[in-house]
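These notes concern the structure reproduced below.
The values are calculated or read from the model by the stated rules, or taken from the named source; none is laboratory data. None of the values given here were measured: they were computed from a predicted structure. Virtual Cβ from ideal backbone geometry, glycine too; neighbours counted across all protein chains shown. Ligands, DNA and RNA are stripped out before the accessible areas are found, and what is left, the full protein with its side chains, is counted by its heavy atoms. Shrake-Rupley method; radii C 1.70, N 1.55, O 1.52, S 1.80 Å.
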Amino acid sequence: MTERLAYDGVKRGCDLALALVGIVLSAPIQAVVAVLVAVNLGRPVIFAQPRPGLGGKVFMLYKFRTMKPIDAANNVVADDERLTKFGRMLRSTSLDELPALVNVIRGDMSIVGPRPLLVAYLERYNAKQARRHEVRPGITGLAQVSGRNAISWDERFSLDVEYVDNRSLRLDASIVARTVTTVFKREGISAADSATMTEFLGNDEEPSP
């Protein structure tokens with residue numbers, strides 16, 4: 001318990017330091033991306049959506065927009081219709097994630113942890129899957145460097161719980177290093193049959209311990 005508390009304290013300090021440096025260094029890039037988003041996708045340039053964090057507490061996640069708005073009148077509703085070539089580029093390079101550094105500073109998120117998913121999924125998790133909320137969600141995580149959106153929900157949740165059970169500064173550093181490689185390779189951006197990630201519909205059965 002003492003070691004875990006020490007880890008949590010050191011990790012929070014590292015998160016603050018990395019997020020502050022990241023915001024300063026990425027400020028010119030974010031300014032350019034904001035202009036390009038406004039030109040290609042319109043305003044607002046920031047996508048804000050409630051997501052569950054530590055303990056399931058809901059916070060507002062910030063990202064750059066990557067999709068055109070829903071236009072039911074013209075039947076532009078599905079993700080694959082709204083996600084443009086420009087938006088795909090932002091996602092594949094993870095540039096859309098830069099505003100989430102503000103969430104790290106606010107304490108909503110960590111640099112490394114399970115990705116924050118939709119609030120609607122909270123009631124669909126079984127007990128084991130819900131353990132992903134025992135830690136702060138991350139900008140990157142073990143599932144993101146193990147296939148991103150191309151892996152199944154079961155695999156994703158298994159990796160999330162694996163991270164919760166084995167989290168350490170060494171593992172965090174390894175995930176950050178692997179994230180750089182994953183971004184450069186641009187792998188796993190979409191699910192096999194979807195422009196993004198298919199919806200998680202729940203799992204009635206409790207997985208084996």
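Using the Cα centre of the chain as the reference point, and only Cβ charges (+1 on K/R, -1 on D/E), how large is the resulting charge dipole? Debye, rounded to the nearest 20. Display every interim value, and only then the final one.
Values: 27 positive and 24 negative charges, 160 e Å.
The calculated dipole for the chain is roughly 760 debye.
Electrostatic tally near D160: other residues with Cβ closer than 15 Å to its Cβ, Lys and Arg +1, Asp and Glu -1, net +4.
Can you tell me the accessible area per residue over the chain, all protein chains present, probe 1.4 angstrom, in square angstrom? Don't skip to the answer; put the middle values down first.
Working: 11240 Å² over 209 residues.
Result: 54 Å² of accessible area for each residue.
The slack in the chain from R4 to T181, taken as 0.36 nm per residue of separation less the alpha-carbon distance, amounts to 60.9 nm.
In the chain, the portion of solvent-accessible area held by carbon and sulfur atoms comes to 59 percent [1.4 Å probe, whole percent, DNA, RNA and ligands not counted].
If I take R0 = 25 Å and measure r between the Cβ atoms of V58 and I29 in this structure, what FRET efficiency does the formula 1/(1 + (r/R0)^6) give, to the nearest 0.05? Computed FRET efficiency for V58 and I29: 0.30. Counting lysine pairs in the chain that sit 8 or more residues apart in sequence, or on different chains, and whose Cα atoms lie under 26 Å apart gives 9. Of all the options V32, V145, V164, the one that moves most in a Gaussian network model of the chain with Cα springs shorter than 10 angstrom is V32.
Judged by the gyration tensor of its Cα atoms, with axes a ≥ b ≥ c, region 1-144 is oblate; a/c meets the 1.5 cut and b/c is at least as large as a/b. Springs between Cα atoms under 10 Å define the GNM used for the chain, and in it the highest mean-square fluctuation of N126, N103, N166 occurs at N166.
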